[in-house]
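I have placed the structure first, in the form of structure tokens, so that the comments after it can refer back to it.
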Amino acid sequence: MFKRPLLSNLIYTKRQIVIHAFTVDHIHPGKFMPIDLTKIDYKKHLSLKQDNTIVGRFQTAIHHKDQNSIYLYFENTAPHVSLNNSWAFMKMDPKSIQCPVCKSFFNKNDSPCECIKGAPFYYLSEAALESVHLHNYKTDNEDSYDCRNDLYSEFFNRSLHNLTFLEPI
């Protein structure tokens with residue numbers, strides 16, 4: 001019987017790797033949660049990497065409605081590589097983010113609300129899955145893959161490139 005992996009964990013055979021990528025109402029280890037699982041774009045050229053080595057080629061994403069979860073299926077291109085103790089980190093490119101505290105939506109170059117910097121996670125809207133990387137949960141600290149700072153910089157600090165510095169008086 002097929003046993004589904006927990007969120008961000010995987011199961012694998014010599015031919016296939018299955019990753020439990022997203023679940024409604026569960027915060028991903030990257031400290032984000034998709035608003036709508038059906039509005040995630042899965043790139044056809046998506047690959048699965050471990051230590052900068054491609055170990056899987058994307059096949060499909062399946063929405064299991066009974067769990068309201070998304071599972072990613074990859075062809076195992078490196079069956080000799082051990083994937084024991086692995087968990088998946090997803091790099092996302094959202095069109096907008098939502099603050100879970102005040103529920104405000106933000107596009108790139110918007111001004112942030114006061115509460116989003118300290119928010120425990122971000123909601124992602126209409127996101128594209130850019131890459132999937134495998135990490136060893138015994139040796140890698142899952143907390144170091146928090147992507148809130150990257151998202152905050154991407155959405156709010158880019159407006160700084162329009163600033164011009166004046167000569168001191």
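Here, each number is a calculation from the coordinates, and none is a lab measurement. All figures in this text were calculated on a predicted structure; none of them were measured in a lab. Cβ: placed from backbone, ideal geometry, glycine included. Neighbour counts: every protein chain shown.
May I ask you to derive the relative contact order of the chain, considering only C-alpha pairs under 8 Å and at least 6 residues apart, and to give it as an integer percent?
Values: 345 pairs, mean separation 43.6, N = 169.
Here the relative contact order equals 26 percent.
Placing a pseudo-label 7 Å from each Cα along the Cα-to-Cβ vector at Gln67 and Asp140 gives an inter-label distance of 2.0 nm.
For the stretch 12-20, 3J(HN,Hα) computed residue by residue from phi via the Karplus equation (6.51, -1.76, 1.60; θ = phi - 60°) reads 8, 10, 5, 10, 9, 10, 10, 10, 7 Hz, glycine and proline entered as x.
For the pair His45 and Ala128, label points projected 7 Å from Cα toward Cβ lie 1.0 nm apart. In the chain, helices alone account for a calculated mean residue ellipticity at 222 nm of -500 deg cm²/dmol, with every DSSP H run of four or more residues adding -39,500 (n - 2.57).
Under 5 Å between amide hydrogens, built in the peptide plane, is the criterion, and for Gln50 it picks out Val55, Leu134 among residues at least 5 positions away or on other chains. Rounded, prolate or oblate: which one fits the stretch 1-89, using the alpha carbon gyration tensor with axes a ≥ b ≥ c (rounded when a/c is under 1.5, else prolate when a/b beats b/c, else oblate)? Because a/c hits 1.5 or more and a/b exceeds b/c, the stretch 1-89 counts as prolate.
Site pair Val24 and Val101 shows an inter-label distance of 2.8 nm when each label is modelled 7 Å from Cα along Cα→Cβ. Enumerate the residues in the stretch 47-68 having an amide nitrogen under 20 Å from the point lying 7 Å beyond the Cα of Glu75 toward its Cβ. Within reach of a label on Glu75, which here means backbone N under 20 Å from a point 7 Å along Cα→Cβ, the stretch 47-68 contributes 47-50, 53-62.
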